[in-house]
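The values are calculated or read from the model by the stated rules, or taken from the named source; none is laboratory data. Keep in mind that what you see is a predicted model, and the values were worked out from it rather than measured. Cβ placement follows ideal geometry from the backbone for every residue including glycine, while neighbour counts extend to all protein chains displayed.
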């Protein structure tokens, strides 16, 4: 009887102006990445999306800070270790970014914009975390599948774009500073700095977060500006320091004027005023402490700092500062020596 009364009351309620509840608008899904776009609260200048230092800075950001940020965001990556590298997501984000002198904070924004992994509790899109090697018109290149490979690919591509702009004035797809070019939206964009030209080279769409123009169903490069600025204020990052520089090779902050021979390319870089210099094949002459490759008699070659080598049945050693081998008795079982986690492990 009560059910019948409720049914009879509905027409009366509608007649009195009590219409049906308004439905929430359906979420907008990025046509390119399949990710749900957030409602824009701030609009960005499509000609100046980020500053150059936003993409190339962040020298002092550490894996510990990135780990805390991932945990804060409830990210699946907070508990992830890449089996191909044997390293955590936080370590790879910092190490692979810094190897190309790209900011880990920018990389966090890139990962979120391409795969939503920073704020997702699931592993969906893990194999294409940064969208690198995944063109709009086809699937992902198999050589870039995997989290660590995705981060490394994205960092190297952005570094390559900056290098091309510095040496030839143009990126591989023709983006230049101060020269107007059409995006895929289409919009006519005139980048005012290298960062903006590089962003459009990586993703040639303005997207939904610019003031002047942009396709609202695509996140595009303006999404990078939105996420980067949100993340920059969401955590107390240390982005620079005159007291030292964070080195992914050493996996620690090294003192001012330290010199590190990078594990990624064997080039020398020196920490000056909180920033590493560009790579050089020649070791600087004024290093207050250096972290070179150690020469291994057993392997017959040099190996990077933190590498662990079993020299005999009872002796493990780890490559340390000044190219000196240090005893590391537990390295064979724990993968850790006096300088921390082994960069690589070579057992007999």
Does region 184-193 hold any residues that are in a loop (DSSP other than H, G, I, E, B) and closer than 17 Å to residue 50 by Cα, and which are they? 190, 191, 192, 193
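Listed here are the residues, each with its yes/no results for (1) surrounded by fewer than 24 Cβ atoms within 10 Å (Cβ to Cβ); (2) closer than 19 Å to residue 163 by Cα.
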{"site": "106", "(1), (2)": "no, yes"}
{"site": "109", "(1), (2)": "no, no"}
{"site": "113", "(1), (2)": "no, no"}
{"site": "116", "(1), (2)": "yes, no"}
{"site": "120", "(1), (2)": "yes, no"}
{"site": "124", "(1), (2)": "yes, no"}
{"site": "134", "(1), (2)": "yes, no"}
Here is a list of conditions, (1) closer than 30 Å to residue 189 by Cβ; (2) modelled with pLDDT under 95; (3) surrounded by fewer than 21 Cβ atoms within 10 Å (Cβ to Cβ), and residue 45 meets all of them except one; can you say which number that is? (2)
Pull up region 275-297, narrow it to residues that are out of contact with any strand residue (DSSP E or B) (no Cβ under 6 Å at 6 or more places or on another chain) and touching a residue at least 40 places away in the same chain (Cβ under 8 Å), then point me to the one that is nearest to residue 257 (Cα to Cα). 275
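Listed here are the residues, each with its yes/no results for (1) out of contact with any helix residue (DSSP H, G or I) (no Cβ under 9 Å at 6 or more places or on another chain); (2) within 15 Å of residue 35 (Cβ to Cβ).
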{"residue": "125", "(1), (2)": "no, yes"}
{"residue": "132", "(1), (2)": "no, no"}
{"residue": "135", "(1), (2)": "yes, no"}
{"residue": "152", "(1), (2)": "no, no"}
{"residue": "155", "(1), (2)": "no, no"}
Has region 62-70 got any residue that is without any contact (Cβ under 8 Å) to a residue 12 or more places away in the chain and outside any helix (DSSP H, G or I)? no
Test each condition in (1) at pLDDT 95 or above; (2) in contact with a strand residue (DSSP E or B) (Cβ under 9 Å, 6 or more places away or on another chain) for residue 146 and report the one that comes out false. (1)
Hits in region 212-229 - residues which are surrounded by fewer than 22 Cβ atoms within 10 Å (Cβ to Cβ) and farther than 19 Å from residue 73 by Cβ: 212, 213, 215, 216, 217
Check region 194-201 and report whether any residue there is modelled with pLDDT under 95 and either outside any loop (DSSP other than H, G, I, E, B) or surrounded by fewer than 15 Cβ atoms within 10 Å (Cβ to Cβ) (or both). no
Could you tell me whether any residue of region 90-107 is outside the structural domain of residue 306 (by TED's automatic domain parsing), without any contact (Cβ under 8 Å) to a residue 40 or more places away in the chain and closer than 26 Å to residue 229 by Cβ? yes
Is one or more of the residues making up region 164-171 part of a loop (DSSP other than H, G, I, E, B), under 16 Å from the mean Cα position of the chain (by Cα) and at negative phi? no
Go through (1) in a helix (DSSP H, G or I); (2) out of contact with any strand residue (DSSP E or B) (no Cβ under 8 Å at 6 or more places or on another chain); (3) surrounded by fewer than 23 Cβ atoms within 10 Å (Cβ to Cβ) for residue 140 and report which single condition fails. (1)
Quick one: which strands (runs of 3 or more DSSP E) lie wholly within region 248-348 and hold at least 2 residues that are under 25 Å from the mean Cα position of the chain (by Cα) and either modelled with pLDDT of 90 or more or exposed (fewer than 14 other Cβ atoms within 10 Å of the Cβ) (or both)? 259-261, 268-272
